[in-house]
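The values are calculated or read from the model by the stated rules, or taken from the named source; none is laboratory data. Small disclaimer: the values here were computed from a predicted structure and weren't measured. Here the Cβ is made from the backbone with ideal geometry for all residues, glycine too, and neighbour counts use every protein chain on show.
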Amino acid sequence: MLVSKFSKSVFRCLAAIILLSATQAGAHPGHEHERDILTDRDLSLDQCAFAGQWPPGVGQQFVPQAPDSELQSIMSQIDPTRIQAIIEKLVSFGTRHTESSQTDPVRGIGAARDWIAEQMRGFAEASEGRMVITTPSYIQQPVPDQIVNTTNITNILATIKGSVDPNRVYIVSGHYDSRVTNLLNNIDDAPGADDDGSGVAISMELARILATHIPRATVVLAAVAGEEQGLFGSTFMAQQFFEAGADVQGMFTNDIVGSSTADDGTKDPNDIRLFAQGIPSTDSPALASETVSIGGENDSPARELGRFVAEVGTNDDTEMTVRVIYRADRFLRGGDHEPFLALGFPAARFTEPNENFAHQHQDVRVVDGVQFGDLTEFVDFEFTARAGRVNAAALWSLAQAPGTPRNVTIDISVLTNNSTLTWVAGSDVDDDNLAGFEIVWRSTIEPFWTHTIPVGLVNKMTIQLSKDNAIMAVRAVGKNGFKSPAAYPFPTG
């Protein structure tokens, strides 16, 4: 057993220290052979330094899943030139303020809405009926300091229904509204190139490419309105999925993903931040307390989703490193993933590595030679394309894998150094792609999974690993090679 092997190594080193100390203290001519005995048995202080390290454990080293040829093709088609054209067109509408004109054919949020929907419908023509474009809307009543007038809020959704598991849903979204310094200013130009023309461009480019592909689970590419005024469009979208009984197992908002350059000029072209919430906001105080007591505060569904994205999105094909940030969003700020989190759906936010606040929520102006405003000239289209590849890797890997396991538990009915986990499949349908499951684990101080234990097509397994010393979870494995995010176990028994 793991524990016994680890203990033996510790005791062996303690014996070495005692014997070596005694030998050194009593050493005199004619007793050199006592040191030779230590050498022959490989007992040395140098070896003892390794005894306190984390034991090698059961299973095998965790190896990130690599993209298959179809996913590589999807990522390779993301075109920086097309992303540039989309962002420039969005900027050309002058302002996309939520309360700007909805009827002017060339200026305002209405013109932008209609253009995005028209483009999406064009993409859908290549889907042979699989992609459906909808523009759900509602009337938002005035809200003090946010919405002055009764306002139509419209989202644009490109939906590709899953061929096997249509109720399991994954969403990528960006917001197409924009703003300047004064939140209520719906007149002046608000280019919104980075915030959030870049996110909308990713949704649109993925819609264009995925229209000719067949996902096993449903994927949605969305552009939402009303983000700047208070997440109105995304709240409406999340509520619609919730009321429809959709099993949303992952949602990503791309908000401010257009620049690799910080305000001090530092460039970070190959990193993208992914903000992932800890303890779910839907947890009751009792459940949150239990989560903390068992050390599970870093293994919420959103955090597991973040680990999954780092696994599939950090590679040579994306040319990016996904930096998972242990926070729901930037400090005391928010985004369109939060309404999904509020309804219990796993969700996370992509944002560029360093924001430049002179180019965000600013009137377009020049002060002391410094250009303010969210202008196209400050967008790095190659960077945005790489961010799009990360989204493609995450979205497609999720949709092609079996669903994330549910009802994962760990038995606490008896005191033991072994761990018994149980779970059920993470889908409402009989998925013929499900090959089995893996238990993944890491030491409590590791941020990502380090080991995996294939256990086959079962729903219960006992492993020789102490739940006191390790973090464990269960993930599903597809016959096609795609693997789900992991699910953390809660105690039972």
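For region 429-438, enumerate the residues that are in contact with a strand residue (DSSP E or B) (Cβ under 9 Å, 6 or more places away or on another chain) and either aromatic (Phe, Trp, Tyr) or free of Cβ contacts under 8 Å to residues at least 40 places away in the same chain (or both). Selection gives 437 alone. Of all the residues in region 421-459, those that are β-branched (Val, Ile, Thr) and touching a Leu at 6+ places or on another chain (Cβ under 7 Å) number 1.
Of all residues in region 368-411, those satisfying the criterion of being within 30 Å of residue 291 (Cα to Cα) and part of a loop (DSSP other than H, G, I, E, B) are 401, 402, 403, 404, 405. Going by the structure shown, is residue 84 assigned to a helix (DSSP H, G or I), farther than 29 Å from residue 374 by Cβ and either at pLDDT 95 or above or out of contact with any Ser or Thr (no Cβ under 7 Å at 6 or more places or on another chain) (or both)? Considered against the rule, which asks whether it is assigned to a helix (DSSP H, G or I), farther than 29 Å from residue 374 by Cβ and either at pLDDT 95 or above or out of contact with any Ser or Thr (no Cβ under 7 Å at 6 or more places or on another chain) (or both), residue 84 comes out as no.
Given the structure, is residue 233 over 25 Å from residue 396 (Cα atoms) and in the same structural domain as residue 384 (by TED's automatic domain parsing)? No. Yes or no: residue 70 farther than 30 Å from residue 179 by Cβ, at pLDDT 95 or above and of a type in the set (D, E, K, R)? Yes; evaluated as a whole, the condition is true for this residue. Here region 428-473 is the region considered, the condition is being in contact with an Asp or Glu (Cβ under 7 Å, 6 or more places away or on another chain) and not acidic (Asp, Glu), and the residue that is farthest from residue 303 (Cα to Cα) is 429.
Taking residue 426, is it buried (at least 22 other Cβ atoms within 10 Å of the Cβ), in contact (Cβ under 8 Å) with a residue 60 or more places away in the chain and outside any strand (DSSP E or B)? So residue 426 passes the test. Residue pairs whose Cβ atoms lie under 6 Å apart, sitting 6 or more positions apart in sequence or on different chains, and linking a residue in region 91-108 that is on the phi > 0 side of the Ramachandran plot to a partner that is crowded, with 17+ Cβ neighbours inside 10 Å and not charged (D, E, K, R), are 108/100; 108/101. Scanning region 466-493 for residues that are of a type in the set (Gly, Ala, Ser) and over 19 Å from the mean Cα position of the chain (by Cα) yields 466, 470, 478, 481, 493. Within region 256-270, being part of a strand (DSSP E or B) and in contact (Cβ under 8 Å) with a residue 12 or more places away in the chain holds for one residue alone: 261. Restricted to region 269-299, and to residues that are within 30 Å of residue 392 (Cβ to Cβ) and among the hydrophobic types (A, V, I, L, M, F, W, C), which residue is surrounded by the fewest Cβ atoms within 10 Å (Cβ to Cβ)? The extreme case among them is 279.
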